[in-house]
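To keep things clear, I will list the structure first and then write my remarks on it.
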Amino acid sequence: MKKNKVDKGRRRFLKFGVMGSAGLVMAVYFGTGGEKTKKAFEIWNKDSSILAPNAWISIDSTGIVTVRVNHSELGQGITTALPMIIAEELEADWSRIRFEIAPAEAVYKNPAFNSQLTAASTSVKTSWDILRKAGAAVREMLIAAAASTWNVNVSECRAEKGAVIHTTSGQRLEFGKLAGRASRLPVPKKVVLKNPDEFKIIGQPLKRLDSSSKFNGSAVFGIDVKLPGLLTATVIHPPVFNARVKLFDSDTIKNMKGIRHVLEIDNGIAVVADSFWQAKNGADTLKIEWTHNEIKDLDSEKLLKRWGELSNKEGKTIHEQGNPKEALANSSKEIKAVYELPYQAHATAEPMNCTAYIHKGICDVWAPTQNQDAAQEMAARITGLKYENINIHTPFVGGGFGRRIAVDYVAEAVQIAKMIKAPVKVIWTREEDMTNDFYRPANTNVIKAGLNEQGFPVTWSHRIVGPDHMAHMLPRLLPSFLPYWIPRSLRDLVSGIANRVLPGVIPGKKISEGASHIPYAIENINVDYVEDDPGIPLGFWRSVAFSHNTFVVESFIDEIAAAAEKDPFKLRLKLLEGKPRMQNVLKLAAEKTGWTNENTNGLSRGIAFLDFHGTILCFIAEVTVSPKGHVKVQRVICAVDCGIVINPQIVKSQISGGIVFGLTATLKSSITVRKGRIVESNFDDFPLLRIDEMPVVDVHMVKSAQPPTGIGESAVPLIAPAVTNAVFAATGKRIRRIPIDNQTLIMR
Amino acid sequence: MITLRVNDKAYKVDVDPETPLLWVLREQLGLTGTKYSCGIAECGACTVHIDGEPVLSCITTIEDVSGQDITTIEGLQGWIADSLREGWINEDVSQCGYCQPGQIMTAAALLESNPHPNDDDINNAMSGVYCRCGTYPEIRKAIHHASSVSSVSSVSWGVDHEKK
């Protein structure tokens with residue numbers, strides 16, 4: 001498939017402006033749509049018997065419908081959910097639906113970012129309209145083909161379960177038999193979409209399309225890619241961030257069996273061998289001296305102390321309404337608390353890896369990534385090849401959680417493949433994976449509220465102290481957002497400038513997401529931010545800033561309830577007055593639990609509420625705390641309104657999956673830094689939640705006719721505050737630092 | 001040369017005898033269903049059967065298992081495998097799927113020794129296999145499902161089992 005992206009018309013553009021002494025300040029405007037994309041016949045390999053009139057659907061003469069999925073399958077079920085949307089409007093036979101992951105191509109960009117990126121729970125939300133229309137258009141073509149075959153009016157025909165039926169005569173033709181004829185018909189510009197009450201596929205707990213290959217070991221993940229003559233490399237990264245290689249002695253390992261190359265690359269040292277175990281043994285034996293830098297004295301405890309001191313400083317205002325200072329002075333009761341959140345690792349089950357092969361002017365990359373465009377841009381930069389000559393293949397991905405939005409592992413594979421002129425698979429050890437993550441930022445939060453005489457909060461101020469992940473990620477990703485036509489030299493220049501300028505400009509906005517705009521009706525609000533970035537690489541961690549801010553906000557609402565001697569459910573309900581959709585979710589959770597804040601049978605309950613980019617959730621956690629301070633989460637009741645539910649089983653899985661992800665961070669593991677190094681290195685010191693620690697999860701979905709919103713991340717932020725609020729109900733002790741330290745809960 | 005007997009087939013491999021079985025399965029024999037995740041016997045993703053017992057292949061050297069019967073996810077057969085497959089599909093267990101071969105191999109060994117496990121038995125047997133996606137509730141249901149399927153049909157599938 002030939003690719004040619006260079007001469008495509010683009011609406012999005014870069015705008016430069018020189019402003020004062022700040023030098024070049026850049027604003028990037030991303031327009032969506034308006035791009036010329038490839039025509040259907042260029043996107044699909046097809047012959048005349050195949051109907052593939054758009055980028056999403058191909059129907060062959062046997063009636064098999066192949067759906068192109070423009071998102072990575074990370075486990076979130078997108079290779080089932082998106083085909084379901086198409087199958088609904090297409091009136092397809094679900095048993096004949098297949099999927100394939102789309103190649104990197106303009107038409108497959110995620111409209112939320114104008115980049116082919118699986119992120120921010122946007123897949124279903126952004127695909128909903130596009131895929132319904134695509135499915136309906138193909139349905140109309142098949143109906144028209146059948147009508148012309150029978151020489152009847154299209155209005156006498158309908159599509160049903162993979163066939164077109166002539167209503168009056170009962171004649172029937174399957175999609176496969178109509179594909180060839182339909183492929184010669186024009187694609188309708190306007191189509192009528194079904195009413196939600198006509199849905200037959202959407203809303204059903206249909207089985208995932210990726211299940212069977214994941215049962216028998218045949219599913220190909222990035223780490224499983226096979227190629228003739230493939231070598232395996234492992235990479236040793238600097239033990240202290242940003243340190244460089246000073247000296248290494250490759251002679252000591254060159255004679256070890258299977259070792260082929262020992263290379264210095266941008267990110268460290270690569271040991272290339274015939275097999276992984278040989279490469280790993282070589283890497284373990286290799287002596288490397290590293291340069292030192294300013295991070296070498298960094299320490300988590302010292303950081304917390306520093307942030308505690310910095311929290312007395314006035315920060316950059318992120319959001320202000322009313323007059324918080326005056327309101328605080330006039331309030332009848334003031335409460336204040338400090339919350340501290342640690343760094344967190346993604347710890348995907350499949351460690352970072354990537355396979356690259358550069359041959360005859362083509363670069364093939366097999367990347368378990370969430371970011372095809374960034375992978376392609378990275379390969380283009382390293383190889384000097386045009387985009388059209390770089391093929392990104394996306395295998396199954398063994399967990400992403402945001403880690404694979406960065407493409408550092410892609411850079412390594414392509415760089416090594418270029419140096420050794422052979423196909424190579426880079427596999428990181430778990431230790432390298434754990435210590436070279438783009439971590440969820442740590443921060444310190446000082447939060448205050450003033451209550452009126454009735455005990456309701458009238459003023460709220462929240463100060464966040466710490467680094468902002470976006471200052472790390474946007475400069476890295478920027479080149480992949482730039483239009484294709486921007487030449488390499490200008491592209492690199494822009495990235496260079498962005499790397500220097502952006503970290504000084506952007507911090508504050510993204511790190512305060514989930515804190516800056518809380519759903520509760522409080523008249524006076526101030527949210528500010530004190531930036532202090534110690535230099536540990538940061539990225540997007542499932543639910544991103546909500547993962548820490550929701551813990552702070554939902555814990556502190558509980559503190560307000562306790563200070564005012566109010567029921568935490570009723571207080572939230574009152575503060576959500578005038579927001580019936582939110583109140584409805586809150587009430588549903590309470591009703592399903594039989595909410596009472598009193599202990600029942602040793603179970604204590606905690607509640608938490610969240611509006612996550614339009615997905616509304618309420619969690620009620622039931623916990624027990626043993627005399628030795630051991631917290632066991634027995635059950636979590638979840639009410640969720642995510643608009644129209646595509647597949648309820650997948651929604652449930654994402655909720656319980658988010659709970660497990662969040663519970664590991666609440667009860668078990670975090671990332672600490674000592675002497676500039678990440679302390680945790682594997683699952684012995686970063687343990688995950690186990691099956692015996694898993695609570696029962698009850699999910700209740702609100703029936704809705706609203707367009708669907710995202711579900712993949714939304715559960716993560718809620719579980720920590722729901723659990724710690726329950727721990728407060730059980731023990732009277734307020735947890736303001738997670739993971740929970742059991743020592744603090746021992747009953748005396 | 002070391003001889004390995006994997007999924008009822010004999011292989012001769014010319015690698016360092018201290019190489020973990022995991023990497024020989026994956027790289028020499030091309031059986032990539034068995035997964036690397038921690039390499040230190042903490043996560044269970046690399047679980048295979050040696051003479052029917054669940055073993056972590058990431059810390060098991062090939063010299064230690066030479067001549068023994070090794071079963072990987074690709075070679076898991078018989079009535080337990082069939083009933084687990086039914087359970088796994090019925091409960092739609094997999095999310096990313098990366099740990100699932102380790103989960104299934106561990107579950108198969110559990111059902112082999114205990115055809116009707118209760119929740120505590122499942123906890124004891126399965127707590128060594130991590131799932132970062134959090135498929136635990138579905139895993140539990142799938143094992144119960146497999147257990148109930150196999151008890152209903154064990155008579156007809158018994159023939160299969162005998163053959164094995």
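The values are calculated or read from the model by the stated rules, or taken from the named source; none is laboratory data. These figures come from a predicted structure and were not determined experimentally. Neighbour counts run over all protein chains shown; Cβ positions are idealised from the backbone, glycine included. Heads up: the accessible areas ignore ligands, DNA and RNA and are worked out on the full protein's heavy atoms, side chains in. Shrake-Rupley method; radii C 1.70, N 1.55, O 1.52, S 1.80 Å.
Restricting to region A:686-745, name every residue that is of a type in the set (Gly, Ala, Ser), in a loop (DSSP other than H, G, I, E, B) and closer than 27 Å to B:SER127 by Cα. Working first, answer last.
Taking region A:686-745 first, the residues of a type in the set (Gly, Ala, Ser) are A:704-705, A:710, A:712, A:714-715, A:720, A:722, A:726, A:729-730, A:732.
Next, from what is left, pick out any that are in a loop (DSSP other than H, G, I, E, B): A:704-705, A:710, A:712, A:714-715, A:732.
Matches in region A:686-745: A:GLY712, A:SER714, A:ALA715.
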Does region A:333-341 contain any residue that is farther than 19 Å from A:MET419 by Cβ, of a type in the set (Ser, Thr, Tyr) and crowded, with 18+ Cβ neighbours inside 10 Å?
-> yes
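Out of curiosity, is A:ALA471 assigned to a loop (DSSP other than H, G, I, E, B), small (Gly, Ala, Ser), in contact (Cβ under 8 Å) with a residue 40 or more places away in the chain and in contact with a strand residue (DSSP E or B) (Cβ under 9 Å, 6 or more places away or on another chain)? Before you say what the answer is, go through the steps one by one.
Working: assigned to a loop (DSSP other than H, G, I, E, B): no; small (Gly, Ala, Ser): yes; in contact (Cβ under 8 Å) with a residue 40 or more places away in the chain: yes; in contact with a strand residue (DSSP E or B) (Cβ under 9 Å, 6 or more places away or on another chain): yes.
So A:ALA471 does not fit the description; no.
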Going through (1) of a type in the set (A, V, I, L, M, F, W, C); (2) without any contact (Cβ under 8 Å) to a residue 24 or more places away in the chain; (3) open to solvent by 40 Å² or more (accessible area, probe 1.4 Å) one by one, B:ILE59 fails only at (2)
Got a sec? Which helices (runs of 4 or more DSSP H) wholly within region A:525-620 have at least 1 residues that are small (Gly, Ala, Ser)?
-> A:546-563, A:580-593
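Can you name every residue in region B:11-33 that is more than 7 Å from chain A (Cβ to nearest Cβ) and in contact (Cβ under 8 Å) with a residue 40 or more places away in the chain? Before you say what the answer is, go through the steps one by one.
The initial filter retains those residues of region B:11-33 that are more than 7 Å from chain A (Cβ to nearest Cβ), namely B:11-15, B:17-18, B:21-22, B:24-26, B:28-29, B:31.
Once the filter is applied, which keeps residues that are more than 7 Å from chain A (Cβ to nearest Cβ) and in contact (Cβ under 8 Å) with a residue 40 or more places away in the chain, region B:11-33 yields B:VAL13, B:VAL15, B:PRO17, B:GLU18, B:LEU21, B:LEU25, B:LEU31.
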List, please: which pairs have Cβ atoms under 6 Å, are six or more places apart or on different chains, and start with a residue in region A:199-215 that is free of Cβ contacts under 8 Å to residues at least 24 places away in the same chain and at negative phi and end with one that is open to solvent by 50 Å² or more (accessible area, probe 1.4 Å) and in a helix (DSSP H, G or I)?
-> A:SER211/B:ILE89; A:PHE215/B:ARG85
Give the residues of region A:187-217 that are out of contact with any Lys or Arg (no Cβ under 6 Å at 6 or more places or on another chain) and aromatic (Phe, Trp, Tyr), sorted by residue number.
-> A:PHE199
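Please list, ordered by residue number, the helices (runs of 4 or more DSSP H) wholly in region A:246-330 having 2 or more residues that are surrounded by 13 or more Cβ atoms within 10 Å (Cβ to Cβ) and aliphatic (A, V, I, L, M). Steps first, answer last, please.
Working: elements: A:251-254, A:276-285, A:300-310, A:324-330.
Of the helices (runs of 4 or more DSSP H) lying wholly inside region A:246-330, those with at least 2 residues that are surrounded by 13 or more Cβ atoms within 10 Å (Cβ to Cβ) and aliphatic (A, V, I, L, M) span A:276-285, A:300-310, A:324-330.
Of these, A:SER669, A:SER656, A:SER704, which one is at the interface with chain B (Cβ under 9 Å from one of its Cβ atoms), in contact with a strand residue (DSSP E or B) (Cβ under 9 Å, 6 or more places away or on another chain) and of a type outside the set (A, V, I, L, M)?
On the way: A:SER669 fails: at the interface with chain B (Cβ under 9 Å from one of its Cβ atoms); A:SER704 fails: at the interface with chain B (Cβ under 9 Å from one of its Cβ atoms).
Going through A:SER669, A:SER656, A:SER704 in turn, the sole match is A:SER656.
For region B:64-81, which positions are assigned to a helix (DSSP H, G or I) and open to solvent by 60 Å² or more (accessible area, probe 1.4 Å)?
Once the filter is applied, which keeps residues that are assigned to a helix (DSSP H, G or I) and open to solvent by 60 Å² or more (accessible area, probe 1.4 Å), region B:64-81 yields B:ASP64, B:GLU74.
Among A:GLU713, A:GLU693, which is more than 11 Å from chain B (Cβ to nearest Cβ) and of a type in the set (Asp, Glu)?
Details: A:GLU693 fails: more than 11 Å from chain B (Cβ to nearest Cβ).
Sole residue among the options that is more than 11 Å from chain B (Cβ to nearest Cβ) and of a type in the set (Asp, Glu): A:GLU713.
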Within region A:671-714, of all residues that are closer than 16 Å to A:ILE644 by Cβ and of a type in the set (S, T, N, Q), the one least open to solvent (accessible area, probe 1.4 Å) is A:SER714
Out of region B:118-132, which residues are open to solvent by 10 Å² or more (accessible area, probe 1.4 Å), touching a helix residue (DSSP H, G or I) at 6+ places or on another chain (Cβ under 8 Å) and part of a loop (DSSP other than H, G, I, E, B)?
-> B:SER127, B:GLY128, B:ARG132
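Residue check: is B:ASP64 among the charged types (D, E, K, R) and more than 7 Å from chain A (Cβ to nearest Cβ)?
Working: among the charged types (D, E, K, R): yes; more than 7 Å from chain A (Cβ to nearest Cβ): yes.
Answer is yes for this residue.
Look through region A:268-290, keep the residues that are touching a helix residue (DSSP H, G or I) at 6+ places or on another chain (Cβ under 7 Å) and more than 8 Å from every other protein chain (Cβ to nearest Cβ), and return whichever of them is nearest to A:LYS246 (Cα to Cα).
So in region A:268-290, the residues touching a helix residue (DSSP H, G or I) at 6+ places or on another chain (Cβ under 7 Å) come out as A:270-273, A:275-277, A:282, A:285-287.
Restricting the remaining residues to those that are more than 8 Å from every other protein chain (Cβ to nearest Cβ) gives A:270-273, A:282, A:285-287.
Numbers: A:ALA270: 15, A:VAL271: 17, A:VAL272: 20, A:ALA273: 23, A:GLY282: 19, A:THR285: 17, A:LEU286: 13, A:LYS287: 11 Å.
Once the filter is applied, the top-ranked residue is A:LYS287.
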Flag if A:GLY217 is in contact with an Asp or Glu (Cβ under 6 Å, 6 or more places away or on another chain) and surrounded by fewer than 21 Cβ atoms within 10 Å (Cβ to Cβ) = no
The lone condition B:ASP69 fails out of (1) touching a Lys or Arg at 6+ places or on another chain (Cβ under 8 Å); (2) of a type in the set (D, E, K, R); (3) on the phi < 0 side of the Ramachandran plot; (4) at the interface with chain A (Cβ under 10 Å from one of its Cβ atoms) is (4)
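For residues in region A:475-512 being in a loop (DSSP other than H, G, I, E, B) and of a type in the set (Gly, Ala, Ser), which is farthest from the chain's Cα centre (by Cα)? Let's see the steps before the verdict.
In the first step, residues of region A:475-512 are kept if they are in a loop (DSSP other than H, G, I, E, B); the result is A:482-487, A:506-512.
With the extra rule that they be of a type in the set (Gly, Ala, Ser), the set shrinks to A:508, A:512.
Working: A:GLY508: 20, A:SER512: 17 Å.
So, considering only residues that are in a loop (DSSP other than H, G, I, E, B) and of a type in the set (Gly, Ala, Ser), the one farthest from the chain's Cα centre (by Cα) is A:GLY508.
So that you can scan it fast, the table gives a plain yes or no per residue for (1) in contact with a Phe, Trp or Tyr (Cβ under 9 Å, 6 or more places away or on another chain); (2) of a type in the set (Gly, Ala, Ser); (3) open to solvent by less than 40 Å² (accessible area, probe 1.4 Å); (4) at pLDDT 95 or above:
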position	(1), (2), (3), (4)
A:ASN4	yes, no, no, no
A:LYS8	yes, no, yes, no
A:GLY20	no, yes, no, no
A:LYS39	no, no, no, no
A:ILE59	yes, no, yes, yes
A:SER72	yes, yes, yes, yes
A:MET84	yes, no, yes, yes
A:ARG96	yes, no, no, yes
A:ALA106	yes, yes, yes, no
Only unsatisfied item for A:LEU206, checking (1) under 25 Å from A:GLN372 (Cβ atoms); (2) within 14 Å of another protein chain (Cβ to nearest Cβ), is (1)
What are the residues in region A:631-653 that are within 11 Å of another protein chain (Cβ to nearest Cβ) and outside any helix (DSSP H, G or I), if any?
-> A:VAL636, A:ASN647
Might you check whether a residue that is in contact (Cβ under 8 Å) with a residue 24 or more places away in the chain, of a type in the set (Lys, Arg) and closer than 25 Å to B:TYR136 by Cβ occurs anywhere in region A:612-628?
-> yes
